[in-house]
Amino acid sequence: MEKRGQAAMEFLMTYGWALLVVLAAIAALAYFGVLSPDRFLPEKCFLPSGTPCLDSTLTATTATLIIQNSLGFSLSNITVTACGGSATTPATLSNGEQGTYAVTCSPALTSGDKFKGTVTFAYTNVDTGLAHTTSGELIKKVE
């Protein structure tokens, strides 16, 4: 009867050591950055529907965003805020028109780092005169 207990214990110990080796290998890969989630996450510039961010670039000092007006009406008093700065040019966008906004980042970003921040798009509806604010996300590697 004692032999079966010993066999079971040896069986469990063998798999226990194997599991310990696998966990040590995963820990080593994570420590050296091989399993870093930043390497696998895509870059994106996201704003809610109606004002999509079509393209973006990010340098140490400037975030450039191309935003399209797809809301069905013209916009005025536009302000784009990202990475600690804001841009107001162009100040108006007709329906279907694209605008390129160059936002000066403050403080300057470090080249090679991954940036994750909020993009705020504030505008006034030309037809009604009401002000609106939408926000999205910018995830980009600093060039």
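The values are calculated or read from the model by the stated rules, or taken from the named source; none is laboratory data. Everything numeric in this text was worked out from a predicted model, so none of it was measured. Methodologically, a virtual Cβ is constructed for each residue, glycine included, from the backbone with ideal geometry; neighbour enumeration extends over all protein chains shown.
So the values come out like this:
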| item | result |
| --- | --- |
| The listed residue being small (Gly, Ala, Ser) and outside the structural domain of Leu130 (by TED's automatic domain parsing), out of Ala18, Ala102 | Ala18 |
| Boolean, Gly5 is out of contact with any Cys (no Cβ under 8 Å at 6 or more places or on another chain), under 21 Å from Ser111 (Cβ atoms), loosely packed, with under 10 Cβ neighbours inside 10 Å and among the small types (Gly, Ala, Ser) | no |
| Selection status of Ala24, modelled with pLDDT of 95 or more and outside the structural domain of Gly136 (by TED's automatic domain parsing) | yes |
| Test: residue in region 12-29 that is under 27 Å from the mean Cα position of the chain (by Cα), part of a strand (DSSP E or B) and loosely packed, with under 14 Cβ neighbours inside 10 Å | no |
| Single unsatisfied condition, Gly112 versus (1) surrounded by 14 or more Cβ atoms within 10 Å (Cβ to Cβ); (2) under 18 Å from Thr57 (Cα atoms) | (1) |
| Single unsatisfied condition, Gly84 versus (1) surrounded by 12 or more Cβ atoms within 10 Å (Cβ to Cβ); (2) closer than 16 Å to Asp55 by Cα | (2) |
| Residues satisfying the stated conditions in region 42-101, i.e. closer than 20 Å to Lys114 by Cα, out of contact with any strand residue (DSSP E or B) (no Cβ under 7 Å at 6 or more places or on another chain) and aliphatic (A, V, I, L, M) | Ala60 |
| Identity of the residue in region 30-40, surrounded by fewer than 10 Cβ atoms within 10 Å (Cβ to Cβ) and at pLDDT 80 or above, that ends up nearest to the chain's Cα centre (by Cα) | Gly33 |
